[in-house]
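One structure is given here, and the rest of the page talks about it.
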Amino acid sequence: MLGCGLLFSVATLARDAAPAVPAHRFFHVQLGSAETQAVSGRLLLFAIDAKDAEAAAKEHGGDGKVDEVDTSPFFPTQTAVAAREVSRLAPGQSIDIDTDHTAFPQGWSQLPAGDYYVQAVLDVHHDYNYSGRDAGDLVSSVVKVHLPAADMPALSLDQSLPAHDPWQLGKRASPEMQAALPAAREHARDIDFTSPALTAFWGRPMHMRGRVLLPPGYDANAKTTYPTVYYTQGYGGSNDRVIGALASVYAAMAKGEMPPMIWVFLDESSPTGTTEFADSVNNGPWGVALTTELIPQLEKTYRMDAKSSGRFLQGHSSGGWATLWLETRYPKIFGGTWSTSPDPSDFHDFTGVDLYAPQANVYRKADGSPYPLVRDHGKVLATFQQFAQLERVMGPYGGQMASFEWVFSPKGKDGRPEPMFDRDTGDVDPVVVDYWRDHYDIAYRLAHHWSELAPDLDGKIHLYVGTADTFYLDGAAHKLKTVLDGLHAKSDIRFIPDRTHFDLYGIGNDRQGLLKDISWQMYEVARPHSTLKPPTQR
């Protein structure tokens, strides 16, 4: 009996000494007065340390009131996020969300004890990764709670976010841009084109959207034609988010700071991210639709030059990759691309990762240190792993990494694209990468097909990127330049010292100075004998 008592005592001590496993934390979320019908979507819960949130709310003269809790890829670990799918939540009905089941950067039971501001959002369109909060999403008030809480905290989805008029520019718009807006709007035309090729692929009507900007003095009945710029937006861009750029271009043309050209602002956003205007087994034949359907239709409608020497491409970031791809894929159609900070054009440097390396891993280098993905000059803001795993919690659609796979990857057995890397471990799938290489690695394609491409492509590639690019995109640009130089190709690839992804276009005090310079380069190709020159040459 003594032995049994000793055994019991030792077991009890061992149990008491073992660290306690925190219980999962649940929140109670109700569909309040925001809707009168059942709703579905991805329920997202955000929590931020109260002191951090209040300090941020006091910046720039704020009153310290926290009106919104959200996450950011630039500060991925500052806000805790939890998620779950919701199907047909009825008005007045409540559900519980386990904030340890699907969460980033860790389960909420691991959060330090303290005060937090919490907010719930129902992403009804499953596009939070791409667009953030937008019209129709349901949100709760911001609630201050102490964690761990004695009782289950409750939140109510009481507000439906209203639609925003894209022609109402925000407070950050310059007075010059605001002043140009009425005339720019008068010279803008909407594009809503139903593509036969995309419709056949998807089995339902598929629309290509964008905006045409006509230059000052445009006369539909005159014989004058204009060079045309096809402008593609970066990741996160959309038809509603291009108005500022459109107004800036019109203002510059009106003042003679840019030559008179027709600008076509293409919308490459989709439920899966960006289409890149690349033909894809997942997204469909967007390149074919653009070059054989939409462009001919536009050239029948507007007084465009309608020839290679009068068709140009310009885009930034993902839009930069799209324009680089379109020029190299369709060199007979376009007269040149001026791509800025493009997504990786050589997968030997995919934001710093060599996807072709043996046992490649996008999360960890060979020495075990993390791959950075977002930086502010010398300061790392986010790692590849943080970025990808936050995206996974936000939802399976529309994120930047998922967007790459929807464009570049082969189709999997489940009908979705094959993942390029494992979201848990970061391990790269070499079979998927081989497919990426053979179909979408621009440098690889140029190296292996230059003899057939050169007659139509040589001299048409122009690329600009900052040496401090926020997403390390200068690395791939260097590799692309090496390939082109090795082919003795004519190209213009410029590395702008100390510029990031977001200040690349500034020249002196002009935030759009680079775009203006690019426009004159295009005009020189289209009108080599014109007496119209940039202001600096007059």
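Values as computed for the structure displayed
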{"quantity": "So HIS462, is it assigned to a strand (DSSP E or B) and either under 30 Å from GLY378 (Cα atoms) or open to solvent by 10 Å² or more (accessible area, probe 1.4 Å) (or both)", "calculated": "yes"}
{"quantity": "Identity of the residue in the range 486-523, without any contact (Cβ under 8 Å) to a residue 40 or more places away in the chain and touching a Ser or Thr at 6+ places or on another chain (Cβ under 8 Å), that ends up most open to solvent (accessible area, probe 1.4 Å)", "calculated": "PHE502"}
{"quantity": "Residue list for the range 155-175, restricted to those being open to solvent by 90 Å² or more (accessible area, probe 1.4 Å) and closer than 30 Å to THR301 by Cα", "calculated": "HIS164, GLN168"}
{"quantity": "Cβ pairs under 6 Å, 6+ apart, first in the range 91-119 and among the β-branched types (Val, Ile, Thr), second in a helix (DSSP H, G or I) and open to solvent by less than 60 Å² (accessible area, probe 1.4 Å)", "calculated": "THR99/TRP108; THR102/VAL393"}
{"quantity": "Residue selected from the range 465-483 under the condition open to solvent by 30 Å² or more (accessible area, probe 1.4 Å) and not in a helix (DSSP H, G or I), by the criterion nearest to GLU524 (Cα to Cα)", "calculated": "THR467"}
{"quantity": "The range 47-70 - residue that is under 28 Å from the mean Cα position of the chain (by Cα) and open to solvent by less than 30 Å² (accessible area, probe 1.4 Å) and, of those, nearest to ALA34 (Cα to Cα)", "calculated": "VAL69"}
{"quantity": "Residue in the range 170-184 that is under 25 Å from the mean Cα position of the chain (by Cα), outside any loop (DSSP other than H, G, I, E, B) and modelled with pLDDT of 95 or more present", "calculated": "no"}
{"quantity": "Set TRP325, TRP321: member being open to solvent by 10 Å² or more (accessible area, probe 1.4 Å), closer than 16 Å to ALA476 by Cβ, assigned to a helix (DSSP H, G or I) and not aliphatic (A, V, I, L, M)", "calculated": "TRP325"}
{"quantity": "Breaking point among (1) assigned to a loop (DSSP other than H, G, I, E, B); (2) in contact with a Gly (Cβ under 9 Å, 6 or more places away or on another chain); (3) farther than 23 Å from LEU294 by Cα, for GLY234", "calculated": "(3)"}
{"quantity": "Filtered residue count, the range 156-197, keeping only those that are in contact (Cβ under 8 Å) with a residue 40 or more places away in the chain, more than 23 Å from GLU268 (Cβ to Cβ) and touching a strand residue (DSSP E or B) at 6+ places or on another chain (Cβ under 9 Å)", "calculated": "5"}
{"quantity": "Some residue of the range 417-425 being open to solvent by 40 Å² or more (accessible area, probe 1.4 Å), in a helix (DSSP H, G or I) and β-branched (Val, Ile, Thr)", "calculated": "no"}
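The values are calculated or read from the model by the stated rules, or taken from the named source; none is laboratory data. Source: prediction; values computed, not measured. Quick reminder, even Gly has a Cβ in these numbers, built from the backbone with ideal geometry, and neighbours come from all protein chains shown. Accessible surface is based on the protein model in full, side chains and every heavy atom, while ligands, DNA and RNA are left aside. Shrake-Rupley method; radii C 1.70, N 1.55, O 1.52, S 1.80 Å.
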